[in-house]
Structures are given as C-alpha cells and as structure tokens.
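Notes follow once the structure below has been shown.
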C-alpha cells in the first residue's frame, strides 16, 4: 500500500484502492523540489507506473470482445403497424450488454414524412443515443404507383395505406 505524507500530497491511505486515480493525479500535479523529489523517486515512481497501467485500461464502455449485442425494435416482421406523420415507423437500437449492464449504441430510425400524390416521403437517420444529434440523415422518396414495397438498406417495407397524416405498413424483412 502506498502512503504519502508530504505537505504537497494528500494521504492515499484514506482513499485506498477506491480512487487510485486521485492519488496518481496528485502525484502528477504537485510541485517537485527537495524532499518531494525523494518521495517521487522512491514511492512515487511506483504510483506513476501503477497509474499509467490503470489509465491504459480505463474506458467508459468495456472492450467489446467481452460482451454481446442485443437489438431492440418497435416492430415485428409481418405485423401490420400504423404511425403518424413525423413519428418513427422503424426504430432499431443496438445495446451492448456487459456484466448485466446495458450500454446504448447506435439507433436507426425511419420516420414518415408525408404523402404527395402517389409518392411517399421518409427520412432515415442514425443517432448515437436518444436525445443526441443525428450522426447521419437521408431523405427518401418512393413512388407507390410503381411498387408498394419500399426497399432501403436491409429493410423491405410494404405500404398498405398512406395519407398525409398516417401510414399503415408492415416490415417484410430487416
């Protein structure tokens, strides 16, 4: 256990291993001189090495090889669904699961943007997390007089009925 008792350092014993980065930060930010240099060379070097090892392994989300992904959607393949103008038709969120904790990942949405004649307008967007700005957006236009199936990326969506305020559809494939 590392014990620092000089005037420029906070005692690391009280913090224990619960917050080793604070002790490491106090070592790095304290002025050096006289006795301080001796402490840094004897015990502080050990703390600097331990802190560097700790910092190299720290991240907000664990390494992705250790956990698994789950996908949450607002639809079921083959089920009829209805949504209003501006609301998401398709909502798909990937969640990374590690040690019984969920870390939200990318979100995909296809929003209904209205009808003009026999042409429907959709908006596809990818978000980092709900509430964050879109990282990618694309406006889509499909002519329903040619086909009632909309194909975009891996999605095949059959449009059953559409108006300016609502769309009824079913997801054939994702």
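The values are calculated or read from the model by the stated rules, or taken from the named source; none is laboratory data. Owing to the predicted nature of the structure, the values given are computational and were not obtained by experimental measurement. For neighbour counting, all protein chains shown are included, and Cβ atoms are generated from backbone atoms with ideal geometry for every residue, glycine included.
Only one of the listed residues (115, 127, 111) is more than 17 Å from residue 83 (Cα to Cα) and either at pLDDT 95 or above or surrounded by 15 or more Cβ atoms within 10 Å (Cβ to Cβ) (or both). That residue is 127. Of the listed requirements (1) surrounded by 14 or more Cβ atoms within 10 Å (Cβ to Cβ); (2) free of Cβ contacts under 8 Å to residues at least 40 places away in the same chain; (3) within 15 Å of the chain's Cα centre (by Cα), residue 135 misses just one: (1).
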